[in-house]
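Written below as structure tokens is the structure these notes are about.
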Amino acid sequence: MTIIAWSGDLDRMWPTLILGSTGAAYGMQTTIFFTFWGLFPLVRDDVRITGTNAMTKALAAMNRPGMSHMKLSKLQMAGAGAWMMKKLASDQSVSSPTELIEMCRDLDVNLWPCEMTMELLGLRRDQLIEGVGEPVGAATALSEMGRSQINLFI
Amino acid sequence: MERAMEPAVEYEIDLTIDAKGKKCPMPVLMTSQGIKKIESGQIMLVEATDGGSRSDIPSWAKDTGNELLDASSGDGFYRYVIRKK
């Protein structure tokens, strides 16, 4: 299974990580290819500002990187929505995105960042969380999709 | 659950996975982690409270080729006995 994680929204990345970890648990070779907004959650929570120039730095300032800082695609309500969603999940013992990405690593899900968009958005390898693979290109992602029975773009 | 009683056969359990209180997909993820820790032919007991496990664990066993020896419930949780292929 290959999932293209294009979005950095909490309500897209969460199901991406649920499906990715579950796919690996089912014995499927599983790859998540992180591109565009999907790259920002891979940045370590303690890295506040990424970027290599004024524009990419401003991008990080307006779109805080990190798995713990994702926003909802709707009902975000200046942070209250995401907070409530996480509170509900935690109250019901639903695993957080941070726990799920750890599970993905543990179950050998390939976590591939997209090289071109990393450069475009000014993200460096050393700013990403542990366990993320080498940055790869679109052809590598497509080649993996060609071998996968399930391909998702989330 | 098809039945709510203790397993008719007592199995010798080599590893117990306690996924009680964990929601989908954690019981399946923990089951998958557990199966890697035992040898072929050994038996693992998975305990879970998540209702999703009733369909997920049998389907996981079927898809991964491991044998679901027993599924039961009681004392407020579900029990799955799985033999590693």
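The values are calculated or read from the model by the stated rules, or taken from the named source; none is laboratory data. As the structure is a computational prediction, the values presented were derived from the model and not from experiment. Every residue, glycine among them, receives a Cβ derived from its backbone with ideal geometry; neighbour counts consider all protein chains shown. Each accessible area value is taken on the protein alone, full model and side chains, heavy atoms only, with ligands, DNA and RNA left out. Shrake-Rupley method; radii C 1.70, N 1.55, O 1.52, S 1.80 Å.
The lysines whose alpha-carbon is closer than 30 Å to the alpha-carbon of A:Lys86, local same-chain residues fewer than 8 away aside, are A:Lys57, A:Lys71, A:Lys74, B:Lys20, B:Lys22, B:Lys23.
Between B:Ser59 and A:Asp45, what FRET efficiency comes out of the Förster formula 1/(1 + (r/R0)^6) with R0 = 45 Å and r the beta carbon distance, rounded to 0.05? About 0.85, to the nearest 0.05. What share of the DSSP beta bridges in the protein assembly as shown is antiparallel, in percent to the nearest 5? Among the beta bridges of the protein assembly as shown, antiparallel pairing accounts for roughly 45 percent. Note on chain A: with neighbouring protein chains present and a 1.4 Å probe, carbon and sulfur make up 59 percent of its accessible heavy-atom surface.
Which one of A:Met62, A:Gln149, A:Thr30 has its Cα pushed farthest toward the positive end of the charge dipole of the protein assembly as shown, where Lys and Arg give +1 and Asp and Glu give -1 at the Cβ? Value computed over the given set: A:Met62. For the pair A:Met77 and B:Val9, label points projected 7 Å from Cα toward Cβ lie 5.3 nm apart. Residues in the stretch B:11-28 carry Karplus couplings, in order, of 9, 7, 8, 8, 8, 10, 10, 9, 10, 5, x, 8, 9, 3, x, 4, x, 5 Hz; the curve used is 6.51 cos²θ - 1.76 cosθ + 1.60 with θ = phi - 60°, and Gly or Pro positions show x. When the Kirkwood radius is taken over all Cα pairs of chain B, what Stokes-Einstein diffusion coefficient follows at 4 °C and 1.567 mPa s, in µm²/s? Stokes-Einstein gives a translational diffusion coefficient of 104 µm²/s. List the residues of the stretch A:13-27 that lose 50 Å² or more of accessible area once all protein chains are present, compared with their chain alone (1.4 Å probe, heavy atoms only, no ligands or nucleic acids). Listed in order, they are A:Ala25, A:Tyr26.
Kindly list the residues of the stretch B:69-85 that lie in the label zone of B:Lys20, defined by a backbone N under 14 Å from the point 7 Å along the Cα-to-C-beta vector. Once the point is set 7 Å along Cα→Cβ of B:Lys20, B:73-80 turn out to lie under 14 Å by backbone N, inside the stretch B:69-85. Here is how the number arises for chain A: DSSP H runs of 4 or more residues each give -39500 (n - 2.57), the sum is divided by the residue count, and the result at 222 nm is -12500 deg cm²/dmol.
A simple charge model with +1 on the Cβ of Lys and Arg, -1 on the Cβ of Asp and Glu and nothing else charged puts the dipole of the protein assembly as shown at about 800 debye relative to its Cα centre. Please list, in order, the residues from the stretch B:31-49 whose amide nitrogen is less than 12 Å from a point placed 7 Å along the Cα→Cβ vector of B:Leu69. Of the residues in the stretch B:31-49, B:41-46 have backbone N under 12 Å from the label point off B:Leu69. Neighbouring Cβ atoms from other chains, within 10 Å of the Cβ of residues in B:22-33, number 6 on average. Residues in the stretch B:30-61, backbone N under 12 Å from the label point at A:Gln92 (7 Å along the Cα-to-beta-carbon vector): list them, ranges by number please. Hits in the stretch B:30-61 for A:Gln92 at 12 Å: B:51-52.
Taken over the alpha carbons of the protein assembly as shown as equal point scatterers, the Debye sum produces base-10 log I(q)/I(0) values at 0.07, 0.13, 0.14, 0.16 Å⁻¹ of -0.27, -0.82, -0.92, -1.10.
Please compute how much accessible surface disappears when B pairs with A, both sides summed, using a 1.4 Å probe, and round it to the nearest 100 Å². Between B and A, the summed buried area is about 1300 Å².
Just the number please: accessible area per residue for chain A, 1.4 Å probe, all protein chains included, in Å². Write down the numbers at each step before the final one.
Values: 7630 Å² over 154 residues.
Accessible area per residue: 50 Å².
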